[in-house]
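Let me begin by presenting the structure, written as structure tokens, before commenting on it.
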Amino acid sequence: MTMGASRDGYGAALLKLASDPTVVVVEADLGKSTKSQNFRKVYPERTISLGISEQNMMLVSAGLATSGYKPFASTFAIFTERGFEQVRNGIARPNIPVHICGSHGGIHTGTDGSSAQSIEDLAIYRTLPNMLVIHPSDDISTEMLTIQLADMNSPSYTRTARNKTPRIYDADSASRLEIGKGVTLREGNDVAIIACGVMVSKSLDAAAELAKEGVEATVIDMHTIKPLDGELISNLASRCGAFVTVEDHSIIGGLGGAVAEHLSSNCPAPLERIGVKDHFGQSGGGDELLEKFGMGINHIIEASKVAIQRK
Amino acid sequence: MSVDSDGRQIHSIEELEATAMLCRRGIVTMVHRANAGHPGGSLSAIDMLVALYKTRLNVDPSNPKDPERDRFIMSKGHASPAVYTILNEMGFISSADLETYRVLGGVCQGHVDMKWTPGVDFSAGSLGMGLSFGLGTALAARMDGSSRTSYVMLGDGELQEGQIWEAAMAAVHHEVNNLNVFVDRNRIQNDDFMDKQLRLFDVAAKWEGFGWAVRECDGHNMSELLSALEWMDSITDRPAVLIAHTIKGKGVSFMEDNPAFHGAAPNDEQLAQAMEELQ
């Protein structure tokens, strides 16, 4: 099995985007970790280092964007949140196309512990008008989706993950990726498992196990949290009639919240949410923590069965 | 009309002072009409805005989005009446637009907003952000090889925000020489005098410590302001900050140095008195 970390896909995308002379990278330290250093090494004249100052980074990026540049600003997911009000008032409100990337999102980040494990970023950025929110599942899809961001005329937040997880895409399947469109990775009529980020591969594993028991699950990579692919969810409500959302994020307000909002307004159906259940993380291995917090493959299987029973 | 060697219109001190007086009348009138707003910090800032727009800023009301324009970033965005009145004087917005201040659908939003008002380069209203934005526009100009200049106005109360000092540090690190800052040192913030809320101590020493070129002046003396603009032009190795000592509410006796008029409108009688005084 080939492994990849979505943050590496971000670094690869920046290098490919560099042929556009208006693409600039803005850093608040941590470029080694977010992988923006890949760009810095080749294009130092288009890399703006601001030191450990996330609030400043957000508004410097906004100033660059209103002057014809396409800034990609990155730090850890958790530290982007330090500049949240700057994003809200200085970027989203005037609809300035600044592309923010928060790496090391989620519990899976692991041993650094709870201070580094953002479990609320998708939720808070999703509440902002004009913001696009994406959370790709592997390095290949992150690279493709990040490249697409450069042509967007609105701001975006992308969450990437620190650790390597099984690759979902190859160059061919990634070429069909489109921001705002969920990807059907497996088809089944009993339950729809909608996942994002590092939980997509776990969901595929869970679906394979369910199939052994005669339960056929659809698995969706919902890489775009906002705008949510509501058409796909509505179709799945007709076809499967039961849902499980799976995310390395609080069950409040993120992918699970977004899907729940769509279902309750348009096509009510039972929904079980796998995610962090309203508590903070702790140190430990990524997979260890997922198991401890009820987010492992067996938990997805169990939640799928519960959702089906609730039909 | 005469022009200088750079093609700029030459204005006499008297002309500039007359423009500032018209703006002061406009500020008080707008806030009275809306029965809300921030007259004190508008009246302290307006002389600087008149000097800057009339003698320095390269902007064109017929092409407000010209990519090669200088940028003016009003970081203390609540002092929007000052911006609106000078934009009106410059021809970016009409006198009728001034009447839409704080009105539903109005061109003149409560705080300056680039999405609503021609000639506004930055959406403010939350303090502490404008210097970072100005650093971004200055860095962009340098990458473009352009001579356009970014001017940022900060309130002194705003200097309590940590982000200001993040940006101040970064501007010197990046050695930008096309970024000029005005600090409107009126010594009053929303709740009270700054010395009672959170003292700044030696403001000039703080900026000097960060590596900026620093100058102080009387922010209501037009000839001192013109000299300060010349001084900003002369600084070519680092960013420059002018600490302009001002009086909050300047020109209206009962508003001067009065924290109550940070964010309060005059009533009808007070408006009449203000118009008497602003002649």
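The values are calculated or read from the model by the stated rules, or taken from the named source; none is laboratory data. These numbers come from a predicted model, not from an experiment. As a convention, Cβ positions derive from the backbone with ideal geometry for all residues, glycine included, and neighbour counts pool all protein chains shown.
Tabulated data for the structure shown
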| item | result |
| --- | --- |
| Unmet requirement for residue A:28, which otherwise passes all of (1) within 19 Å of the chain's Cα centre (by Cα); (2) within 14 Å of chain B (Cβ to nearest Cβ) | (1) |
| Residue within region B:85-94 that is within 12 Å of chain A (Cβ to nearest Cβ), crowded, with 19+ Cβ neighbours inside 10 Å and out of contact with any Pro (no Cβ under 6 Å at 6 or more places or on another chain) present | no |
| Given (1) of a type in the set (A, V, I, L, M, F, W, C); (2) over 14 Å from residue A:30 (Cβ atoms); (3) at the interface with chain B (Cβ under 10 Å from one of its Cβ atoms), index of the condition residue A:50 fails | (2) |
| Scan of region A:32-61 for residues that are part of a helix (DSSP H, G or I) and crowded, with 21+ Cβ neighbours inside 10 Å, ordered by number | A:34, A:39, A:54, A:55, A:56, A:57, A:58, A:59, A:60, A:61 |
| Verdict on residue B:72 being assigned to a strand (DSSP E or B), within 13 Å of chain A (Cβ to nearest Cβ), of a type in the set (Phe, Trp, Tyr) and closer than 30 Å to residue A:49 by Cα | yes |
| Restricting region B:29-50 to residues that are hydrophobic (A, V, I, L, M, F, W, C) and more than 21 Å from residue B:157 (Cβ to Cβ), the residue that is surrounded by the most Cβ atoms within 10 Å (Cβ to Cβ) | B:50 |
| Those helices (runs of 4 or more DSSP H) lying entirely in region B:100-211 with at least 2 residues crowded, with 22+ Cβ neighbours inside 10 Å and within 11 Å of another protein chain (Cβ to nearest Cβ) | B:130-144, B:162-173 |
| Which listed residue, of A:147, A:124, A:78, is at pLDDT 95 or above, assigned by TED's automatic domain parsing to the domain that holds residue A:18, crowded, with 22+ Cβ neighbours inside 10 Å and not in a loop (DSSP other than H, G, I, E, B) | A:78 |
| Meets criteria (more than 14 Å from every other protein chain (Cβ to nearest Cβ) and in a helix (DSSP H, G or I)) for residue B:79 | yes |
| Residue within region B:11-18 that is buried (at least 16 other Cβ atoms within 10 Å of the Cβ) and at pLDDT 95 or above present | yes |
| Any pair with Cβ under 8 angstrom, 6 or more apart, that starts in region B:202-218 at a residue that is in contact (Cβ under 8 Å) with a residue 40 or more places away in the chain and ends at one that is surrounded by 20 or more Cβ atoms within 10 Å (Cβ to Cβ) and among the small types (Gly, Ala, Ser) | B:210/B:168; B:212/B:168; B:212/B:171; B:212/B:240 |
| So residue A:126, is it more than 9 Å from every other protein chain (Cβ to nearest Cβ) and either under 21 Å from the mean Cα position of the chain (by Cα) or closer than 30 Å to residue B:69 by Cβ (or both) | yes |
| Selected residue [in the same structural domain as residue A:298 (by TED's automatic domain parsing), within 17 Å of the chain's Cα centre (by Cα) and among the basic types (Lys, Arg)] from A:226, A:212 | A:226 |
